[in-house]
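The following block contains the structure, expressed as structure tokens.
The values are calculated or read from the model by the stated rules, or taken from the named source; none is laboratory data. Since the model is a prediction, treat every value here as computed from it, not as a measurement. Here Cβ is always computed from backbone atoms with ideal geometry, including for glycine, and neighbour counts include all displayed protein chains. Accessible surface areas use protein heavy atoms only, side chains included; no ligands, DNA or RNA. Shrake-Rupley method; radii C 1.70, N 1.55, O 1.52, S 1.80 Å.
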Amino acid sequence: MKIIIHGGFFSESSTNIETKVAKQEALLRIVKKSHDYLQTHSALEAVVFAVSMLEDDALFNAGIGSQIQSDGKIRMSAALMNGETQKMSGVINIENVKNPIQVTQVLMKEDDRILGGSGATNYARQHGFEAFSTEIPQRRAEYEAKVKSLGLGTVGCVALDKDGKIAVATSTGGKGFELVGRISDSATVAGNYANPFCGVSLTGVGEDIVSNATAAKIVTRVTDGFSLQDAFAKTFDELLPYDGFAGAIAIDSKGNVFHQDSHPSMVFASFDGEKEEVFN
């Protein structure tokens, strides 16, 4: 049983030592709690559990603390994929929901599993998700001052459970100040993808990630016999012609855990019950 999580890029927020230490501590706490949860739950349940905690932490740009778009509103996206069944569910530009990833978990049972805009928000209300503002004062101050962050904040989780099943979940609060209607990579197979062989979650510039079909490429290459490291190497090389900005975490069916970024520094943590790793 193994699990790895990410919380976007460190450069998307302040780079002081206090923030760095806070993110390291938060990621280690969340990944260890999620590994404990994985002991008695499936990979699918565990990735939702982990990403929910990341959404609830204002250090990360998802759920609480999501970025504000150009019209002053917060719209979030999230996706969930079951590697065993190959089913993916997602919400795009959902509003006023505390945990978008939990909405995707409910959506997994539907025939229509990816919803956007008001349809996603209405679905959440119909299924017991109360209206909740995820705005924090820091984001409003940034918006009022028109201070653009680098927009590289997304959270994600990949888990391998005791039965060898893989699942992945990804959630984002957007890049901030984007055009209304902009769709990120998080609820697409470019940013969130899994099958029985591998699971991958991405963070970075959504347009770069979609252009490269990054997550789907990595998973497909592992399925076709590439090692996890070689699949990453080839896929990240394909970002170079346009200086694509991306970071990825992954676990394959053999239990190999891997992460890579094209620009420093993606924040991440992993835990297998004994060995922990956190970004430096």
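For region 42-60, name all the residues that are open to solvent by 30 Å² or more (accessible area, probe 1.4 Å) and either within 13 Å of residue 169 (Cβ to Cβ) or at pLDDT below 95 (or both).
Selection gives 42, 44, 45, 49, 53, 58, 59.
Would you please name the residue that is surrounded by the fewest Cβ atoms within 10 Å (Cβ to Cβ), looking only at residues in region 262-271 that are touching a residue at least 60 places away in the same chain (Cβ under 8 Å) and over 19 Å from residue 51 (Cβ atoms)?
Taking the candidates together, the pick is 264.
Here is a list of conditions, (1) open to solvent by 50 Å² or more (accessible area, probe 1.4 Å); (2) closer than 18 Å to residue 246 by Cβ; (3) at pLDDT below 95; (4) among the hydrophobic types (A, V, I, L, M, F, W, C), and residue 189 meets all of them except one; can you say which number that is?
Every listed condition holds for residue 189 apart from (3).
Just the residues that are under 14 Å from residue 176 (Cα atoms) and of a type in the set (A, V, I, L, M, F, W, C), please, taken from region 121-142.
136, 141
Do we have any residue at all in region 71-84 that's open to solvent by 10 Å² or more (accessible area, probe 1.4 Å), of a type outside the set (Lys, Arg) and under 15 Å from residue 159 (Cα atoms)?
Let us first name the residues in region 71-84 that are open to solvent by 10 Å² or more (accessible area, probe 1.4 Å), namely 71-75, 82, 84.
Then keep just the ones that are of a type outside the set (Lys, Arg); that gives 71-72, 74, 82, 84.
Restricting the remaining residues to those that are under 15 Å from residue 159 (Cα atoms) gives 82, 84.
Within region 71-84 (the criterion being open to solvent by 10 Å² or more (accessible area, probe 1.4 Å), of a type outside the set (Lys, Arg) and under 15 Å from residue 159 (Cα atoms)), the answer is yes, since at least one residue qualifies.
Ok, one more. Of the residues that make up region 228-236, is at least one open to solvent by 50 Å² or more (accessible area, probe 1.4 Å) and under 30 Å from residue 70 (Cβ atoms)?
The first filter runs over region 228-236 and keeps only residues open to solvent by 50 Å² or more (accessible area, probe 1.4 Å), leaving 229-230, 234.
Next, only the ones that are under 30 Å from residue 70 (Cβ atoms) stay: none.
No: zero hits.
I've got another one for you. So which pairs qualify, if the first residue must be in region 202-226 and closer than 20 Å to residue 167 by Cβ and of a type in the set (Val, Ile, Thr), the second must be in a loop (DSSP other than H, G, I, E, B) and open to solvent by less than 50 Å² (accessible area, probe 1.4 Å), the Cβ gap must be under 7 Å, and the two must be at least 6 apart or on different chains?
203/152; 209/185; 209/190; 209/191; 214/190
Further, regarding this structure: If we scan region 169-184, do we find a residue that is part of a helix (DSSP H, G or I) and open to solvent by 10 Å² or more (accessible area, probe 1.4 Å)?
No, region 169-184 contains no residue that is part of a helix (DSSP H, G or I) and open to solvent by 10 Å² or more (accessible area, probe 1.4 Å).
Looking at (1) open to solvent by 10 Å² or more (accessible area, probe 1.4 Å); (2) assigned to a loop (DSSP other than H, G, I, E, B); (3) of a type in the set (Ser, Thr, Tyr); (4) closer than 18 Å to residue 6 by Cβ, which is the only condition residue 66 fails?
That leaves (1) as the condition not met.
Every residue, every condition in (1) part of a loop (DSSP other than H, G, I, E, B); (2) modelled with pLDDT of 95 or more; (3) in contact with a strand residue (DSSP E or B) (Cβ under 7 Å, 6 or more places away or on another chain), yes or no:
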{"position": "222", "(1), (2), (3)": "no, yes, yes"}
{"position": "241", "(1), (2), (3)": "no, yes, no"}
{"position": "244", "(1), (2), (3)": "yes, yes, no"}
{"position": "247", "(1), (2), (3)": "no, yes, yes"}
{"position": "260", "(1), (2), (3)": "no, yes, yes"}
{"position": "263", "(1), (2), (3)": "yes, no, no"}
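Could you run through region 143-167 and say how many residues are at pLDDT 95 or above and hydrophobic (A, V, I, L, M, F, W, C)?
Residues in region 143-167 being at pLDDT 95 or above and hydrophobic (A, V, I, L, M, F, W, C): 7 in total.
Inside region 196-214, can you point out the residues that are in contact with a helix residue (DSSP H, G or I) (Cβ under 6 Å, 6 or more places away or on another chain) and open to solvent by 10 Å² or more (accessible area, probe 1.4 Å)?
Passing the criteria: only 197.
Taking helices (runs of 4 or more DSSP H) that fall entirely within region 71-168, which contain at least 1 residues that are within 21 Å of the chain's Cα centre (by Cα), hydrophobic (A, V, I, L, M, F, W, C) and within 30 Å of residue 197 (Cβ to Cβ)?
Values: elements: 100-107, 117-126, 137-144.
In region 71-168, 100-107, 117-126 are the helices (runs of 4 or more DSSP H) which contain 1 or more residues that are within 21 Å of the chain's Cα centre (by Cα), hydrophobic (A, V, I, L, M, F, W, C) and within 30 Å of residue 197 (Cβ to Cβ).
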